[in-house]
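Colleague: Attaching a single structure in structure tokens format; questions to follow.
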Amino acid sequence: MLYSDGGEGYGYEQGQRTVRRFRVTGSGTGLLLQQQTESDYQPSWRTSRVVVHGLPSLATTFSTDGQPAQGLEVTTETGLTGPAWW
């Protein structure tokens, strides 16, 4: 679960907050990360970082809402960084 609000004041009492709940499902051929968002509050940040440890092999394809994901960066456990197709 990820909770976000403005960080100052009491706006959360009037619904100026969002809660994101995540579900991870794995199989022998893939990993599915699903997000359910409660509220339509938009935090000041626009990107998220997802860190997954312990995968048996390097992921080679990524999608968001059924479409190929854009702007991804993949870092291996060795610390090497490259684009998602690397």
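Colleague: Checking Gly9 against (1) modelled with pLDDT of 80 or more; (2) of a type in the set (Gly, Ala, Ser); (3) within 20 Å of Val74 (Cα to Cα), only one condition comes out false. Which one?
Modeller: Failed condition: (3).
Colleague: If the requirement is being within 30 Å of Gly11 (Cβ to Cβ) and either in contact (Cβ under 8 Å) with a residue 40 or more places away in the chain or in a strand (DSSP E or B) (or both), which of these qualifies: Thr47, Thr25, Thr37?
Modeller: Selected residue: Thr37, the only one of Thr47, Thr25, Thr37 that is within 30 Å of Gly11 (Cβ to Cβ) and either in contact (Cβ under 8 Å) with a residue 40 or more places away in the chain or in a strand (DSSP E or B) (or both).
Colleague: Go through Thr78, Thr64, Thr29 for me and flag whichever is under 29 Å from Ser4 (Cα atoms) and either assigned by TED's automatic domain parsing to the domain that holds Asp5 or at pLDDT below 80 (or both).
Modeller: Being under 29 Å from Ser4 (Cα atoms) and either assigned by TED's automatic domain parsing to the domain that holds Asp5 or at pLDDT below 80 (or both) holds for just one of Thr78, Thr64, Thr29, which is Thr64.
The values are calculated or read from the model by the stated rules, or taken from the named source; none is laboratory data. Everything numeric here is computed off the predicted structure, so don't read it as measured data. Neighbour counts run over all protein chains shown; Cβ positions are idealised from the backbone, glycine included.
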